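One structure below.
We did not get these values from a lab; they are worked out from the coordinates using the rules stated. Model, not experiment: these values are computed from the prediction. Don't worry about glycine lacking a Cβ; one is built from the backbone with ideal geometry, like all the others, and counts go over all protein chains shown.
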Amino acid sequence: MEVLGNTADPAVHMRIQYCGGWGYRPKCIQVIEMIEADTPNKFQYHLLKDEGRTGNFECLVSKTADFSGETTDIFSKQKAGKFPHADEDSFAAFLEAAKKCFWVILS
């Protein structure tokens, strides 16, 4: 698992599970850059690459780095039918869902 973002003292951990076969890693980086532009240094990103072609782009957040505690799914490409940054409204909804999970920490 690749770890990016605030590795020293993150407020929230976000796991992005993505399709390795279709090369979705650049889409992960786009999402991270957009989040960091809006909410800098609050998240630590855990990129989990699927082997083969799964079509996955799933995001969840947690207070713990091992995602063993309470987690909240905030985006699923399978359910939405598009990437979170496919349009401005879609991304805004994605980002608000991430913030809403931990509004006290991220405010």
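Expressed as an acute angle from 0 to 90° and rounded to the nearest 10, what is the orientation of the C-alpha long axis of helix 25-38 relative to the principal long axis of the chain? Between helix and principal axis, roughly 30 degrees. Here LYS99 is the anchor, and the lysines within straight C-alpha reach of less than 21 Å, apart from those fewer than 8 places off in the same chain, are LYS27, LYS42, LYS63, LYS77, LYS79, LYS82.
Modelled spin-label separation between GLU88 and THR71, with each label point placed 7 Å from Cα along the Cα-to-Cβ direction: 3.3 nm. Against the chain, whose longest principal axis comes from its Cα atoms, helix 88-101 is set at around 50 degrees.
The packing ranking, built from the mean of other Cβ atoms within 10 Å per residue, places the peptides 12-23, 57-68 in the order 12-23, 57-68, highest first. The DSSP beta bridges internal to the chain are antiparallel in roughly 65% of cases.
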